[in-house]
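The values are calculated or read from the model by the stated rules, or taken from the named source; none is laboratory data. As the structure is a prediction and not an experimental result, all values here were calculated from the model. Heads up, the Cβs are rebuilt from the backbone with ideal geometry, glycines too, and the neighbour counts pull from every protein chain shown.
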Amino acid sequence: MLHCLLVDNQSYVEDVRVTAAAPTNRHRERSELSTRRLLEAAGDLIVEGGYEAMTLAAVGERAGYSRGLVTARFGSKDQLLKALVERIIDRWNHRNVLPRTAGASGRASIAILIGAIAEQMERDPSDVGVLYALMFEALRPIPELRSTFVDFHATMRADLASLVRKGLRDGSVAPGTSPAKEAALIVAGLRGIGYQWRLDPDGFDPLPALRHLVSTTESRLRGGPAVRGASPAR
């Protein structure tokens, strides 16, 4: 009898815990959904009209919520921008792809990295539109935004240079290739393609250009005529 009472009591406690947890989980899910919608709305407004268009009231209206919720969730326009930048950079960080290069040569790793960017652009062009809109806004006097993208590009160049050096060691990259110059050239190619697409989204298709960037980069790193007589690697 005592055993039955203990079992029943334990079941009751567990039921109470489940019942109490359910509203908490639903609240968290609703909070995550509203945050995602608010950030998506902020990104859309940045793309359409720049930083000035991304007011708290406009974000709330676009997402279907009140300005009060936007203020309660983020506190200020600057904090909303910070959250948007963190979300986009986290989703578009090239380091998310680096694990896929394990076991590949240095040259092949660079091709994998650029190819993955093309795949991401094809899969989610709206997000890459926000990324480039934020990059353009970083040219304006918004110090935090500028420093974030300066670091973003510096890290990407450093990682690409590291892959070039890996290729020099494993023989997949031609001797004499400059890691720093190649890294700068690849990032410049990516940003140039992105710029043309943002400027003329209906008239310029970035995907063929990205695929061509992969093939020409591989050819150059392999030791085509463009790299003969190049300055010593550094």
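Structural remarks
- Qualifying residue in segment 159-173 (condition: surrounded by 18 or more Cβ atoms within 10 Å (Cβ to Cβ) and either part of a loop (DSSP other than H, G, I, E, B) or in the same structural domain as LEU39 (by TED's automatic domain parsing) (or both)): yes
- When each of ARG67, ARG28, ARG37 is tested for being surrounded by 13 or more Cβ atoms within 10 Å (Cβ to Cβ), over 23 Å from the mean Cα position of the chain (by Cα) and outside the structural domain of GLU137 (by TED's automatic domain parsing), the lone residue that passes is ARG67.
- Residue within segment 95-103 that is among the hydrophobic types (A, V, I, L, M, F, W, C) and either outside the structural domain of ASP200 (by TED's automatic domain parsing) or within 17 Å of the chain's Cα centre (by Cα) (or both) present: yes
- Residue within segment 211-222 that is small (Gly, Ala, Ser), farther than 30 Å from LYS82 by Cα and free of Cβ contacts under 8 Å to residues at least 40 places away in the same chain present: yes
- Verdict on VAL59 being among the aliphatic types (A, V, I, L, M), at pLDDT 90 or above and crowded, with 18+ Cβ neighbours inside 10 Å: yes
- The residue of segment 72-95 that is surrounded by the fewest Cβ atoms within 10 Å (Cβ to Cβ), among those that are closer than 16 Å to ARG37 by Cα and among the aliphatic types (A, V, I, L, M), is ALA72.
- Condition check for LEU145: in the same structural domain as LEU207 (by TED's automatic domain parsing), under 14 Å from ALA42 (Cβ atoms) and touching a helix residue (DSSP H, G or I) at 6+ places or on another chain (Cβ under 8 Å): yes
- Number of the exception - ASP90 against (1) at pLDDT 90 or above; (2) in a helix (DSSP H, G or I); (3) not β-branched (Val, Ile, Thr): (1)
- Filter result for GLY176 (farther than 26 Å from GLU86 by Cβ, touching a Pro at 6+ places or on another chain (Cβ under 9 Å) and outside any helix (DSSP H, G or I)): yes
- Residues of segment 68-77 satisfying the condition of being more than 21 Å from TYR132 (Cβ to Cβ) and part of a helix (DSSP H, G or I): GLY68, LEU69, VAL70, THR71, ALA72, ARG73, PHE74
- Scanning segment 134-147 for residues that are crowded, with 19+ Cβ neighbours inside 10 Å and not aliphatic (A, V, I, L, M) turns up just one, GLU137.
- Filtered residues of segment 25-67 (kept if assigned to a helix (DSSP H, G or I) and of a type in the set (S, T, N, Q)): ASN25, SER31, SER34, THR35
- Matching option when the condition is over 30 Å from SER219 (Cβ atoms) and of a type in the set (Gly, Ala, Ser), among GLY75, GLY115, GLY106: GLY75
- When segment 96-133 is filtered for residues that are of a type in the set (Lys, Arg), touching a helix residue (DSSP H, G or I) at 6+ places or on another chain (Cβ under 7 Å) and surrounded by fewer than 21 Cβ atoms within 10 Å (Cβ to Cβ), only ARG100 remains.
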